[in-house]
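Notes for the one structure printed next.
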Amino acid sequence: IHDAAGDYGRSTRGAGTTVNIEYVSANPTGPMHMGHCRGAVVGDALAALLEFAGHKVIREYYVNDAGGQVDVLARSVHLRYREALGETVEIPEGLYPGDYLVPVGQMLATEFGDTYVGKPEGEWLVLFRTRAVAAMLVLIKADLAQLGIHHDLFSSEAELQAAGKPEAAEHDLRARDLIYDGMLEAPKGQEPEDWEPVMLPLFRSTQFGDDQDRPIKKSNGQWTYFGADLAYHYQKAQTADALIDIWGADHAGTVKRIVAAVQALTGGKTRFDVKLVQMVRLMRNGEPIKMSKRAGNFVTLADVVNEVGKDVVRFTMLTRKADAQMDFDFAKVVEASKDNPVFYVNYAHARIASLHRRATEAGINCDTVDLSLLDTEDLALVKFAAQFPRIVDTAAAAREPHRIAFYLYDLAASLHALWNVGNDRPDRRFLLADNPGVTCARLFLAEGVGQIIRNGLGIMGVQAVQEMK
């Protein structure tokens, strides 16, 4: 641990392999809200974990700029544009009411004057959509930066379609008889939205475990969500050995078909994992906070980071398995309690830092260290600390960064337990004025634990604290 320092726990398990992780990918229709936060942190921590395990990682954000929601955004911005030119406007039901669109309208009014006032939608929709999406991405990137998240690549759905990627994917799959023209079976009971009694290009997803074959185009010739996703994954699979998507749990129903598509597109050679992330319920003093993006009363990511800090947000999002329910209580996440993992792990590191300050003040010199002076209780902590490389390996293999947080909590608990023994037994304290040999050995042990905490927190994107305030 001492020799490897910041590299302790690193491995070469992923050497020579490239992993593409797509995460966040929120619709570019407004600033980031807390509904996006957990997936953002899980994806970013997983990216860092895989890099620590030796993989080359591509961090990707898929910009959904070809769907109906960005047209709604453009219409909302057009209203703000008219407002900026002096018109009194009301935001009708179905458009985005947020004040964050006011500056976008002002920018367009400054640039174009009244050119697009009273003009048919066809003359301004594409322009306003493009400008609005660009402005929203500036907001989104700034919000993510506050959380310490920076993507390598932003892929545009609109550009993907303009480049003919969906057609290329369809051609590839038709050549392998995995897409055919057919009709969906009439459903029993209520008709689902994706069924039409017409001939459609269908992907043979039933060959890969799905419950029915899926259309890649609508009857009007437009690509279905699945068809667009298929093209996107077709592109990603050409540049990476493994793919990971971080999705909200509300998309669980589409996992089978996209996994089937990637298996088909890559001949089963590309590992593909979809990690589902449950929503976070925001609480304040035990009471839930209600959010509605359409109503404009959502809690933004920036609001939360400004209130409790980046590190508290990031650590808290990793304190449960991604697909488990989570409550984020503004009071509890800053509580100085053993029940608050953020505090508990940081307190362990702060205690270790305080040991070194006190040792320096006492003039303790540890040029030589005799580790044979560590006793059985000390060695139990050494053995637990030595598990860190295995934890990194298994967490990376399982694509589960929360395992790092769980381990750090247990490591901190072991350190605290050893520390607290010294409250009743003076001979068990880390600093012994009458025994410099044991003192130096225990300081060396404590520094090793501190190094592991720093390494683990680094994977999580969290800064280790030197003292509690």
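The values are calculated or read from the model by the stated rules, or taken from the named source; none is laboratory data. In this text, all values refer to a predicted model and were calculated from it rather than measured experimentally. All Cβ positions, even for glycine, are placed from backbone atoms using ideal geometry, and neighbour counts span all protein chains on display.
In table form, for the structure just shown:
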quantity: Qualifying residue in region 55-75 (condition: over 29 Å from residue 238 (Cβ atoms) and among the polar types (S, T, N, Q)); calculated: no
quantity: Tally, over region 383-425, of residues that are β-branched (Val, Ile, Thr), modelled with pLDDT of 95 or more and within 20 Å of residue 346 (Cα to Cα); calculated: 3
quantity: Of all residues in region 123-142 being in contact (Cβ under 8 Å) with a residue 24 or more places away in the chain and of a type in the set (D, E, K, R), the one that is surrounded by the fewest Cβ atoms within 10 Å (Cβ to Cβ); calculated: 131
quantity: Residue list for region 357-377, filter: outside any loop (DSSP other than H, G, I, E, B) and surrounded by fewer than 18 Cβ atoms within 10 Å (Cβ to Cβ); calculated: 357, 358, 360, 361, 371, 372, 373, 376, 377
quantity: Set 462, 449: member being within 29 Å of the chain's Cα centre (by Cα), outside any helix (DSSP H, G or I) and aliphatic (A, V, I, L, M); calculated: 462
quantity: Odd one out for residue 336, checked against (1) outside any strand (DSSP E or B); (2) under 15 Å from residue 33 (Cα atoms); (3) modelled with pLDDT of 90 or more; (4) out of contact with any Cys (no Cβ under 9 Å at 6 or more places or on another chain); calculated: (2)
quantity: Residue check, residue 333 surrounded by 16 or more Cβ atoms within 10 Å (Cβ to Cβ) and in the same structural domain as residue 405 (by TED's automatic domain parsing); calculated: no
quantity: Condition check for residue 79: closer than 27 Å to residue 455 by Cβ and not charged (D, E, K, R); calculated: no
